[in-house]
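Participant: Before anything else, here's the structure in question.
Derivation of every value follows stated rules applied to the coordinates shown; laboratory data play no part. Owing to the predicted nature of the structure, the values given are computational and were not obtained by experimental measurement. Virtual Cβ from ideal backbone geometry, glycine too; neighbours counted across all protein chains shown.
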Amino acid sequence: MPDASFEIRPACDDDRLPLAVLFAAVAEERDGIATEPPVEIEARAASWTLEGSLVAVADAEIIGSLHVETSRFGFGEIGMAVARDWRGRGVGSALLVAAIDWARDRGLHKLSLSVFVHNAAAIALYRKFGFVEEGLRVKHFRRASGELWDAFEMGLLL
């Protein structure tokens, strides 16, 4: 089991490839994020938006990430990924604390996100931080298997 010590910091240019590798690993699981494999790691790394990206790092390895895509309307849309071995160990909570602070510092009035309705752990984490369900997108995400998955829209007023 990895050491439970980690830090949260803004992403930098050297994080591009490790961020893409983490993203691809989470996509391989096919149940937590909308993207499914294959993920073109080099292309993903090159296109990664660093502004608004935070990373969780343990022993020089990126174990989690959270990106806030800021809209021109004053809210931020969150996307998060945490390495499987680090889930349930405070990484997601630490990333959310940092993201909420980041958003407030930039004058955003709200954070929002989409989460698959079956992702009970993520939903519980978001609720813990005050996010509320604002809507349900029925059969919104077409999966590679052909299945259509529902997602909750959740928001947090800052």
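Participant: What is the fewest-to-most order of Glu147, Glu133 by other Cβ atoms lying within 10 Å of their Cβ?
Facilitator: Result, fewest neighbours first: Glu147, Glu133.
Participant: Can I ask one more? Ranking Val138, Val82 by Cβ neighbours within 10 Å, fewest first, what do you get?
Facilitator: Val138, Val82
Participant: In addition: Could you please rank Leu108, Leu95, placing first whichever residue has the fewest other Cβ atoms within 10 Å of its Cβ?
Facilitator: Ascending number of Cβ neighbours within 10 Å: Leu108, Leu95.
Participant: I've got another one for you. Say R0 is 30 Å: what FRET efficiency, to the nearest 0.05, do Asp101 and Ala60 get from their beta-carbon distance?
Facilitator: 0.80
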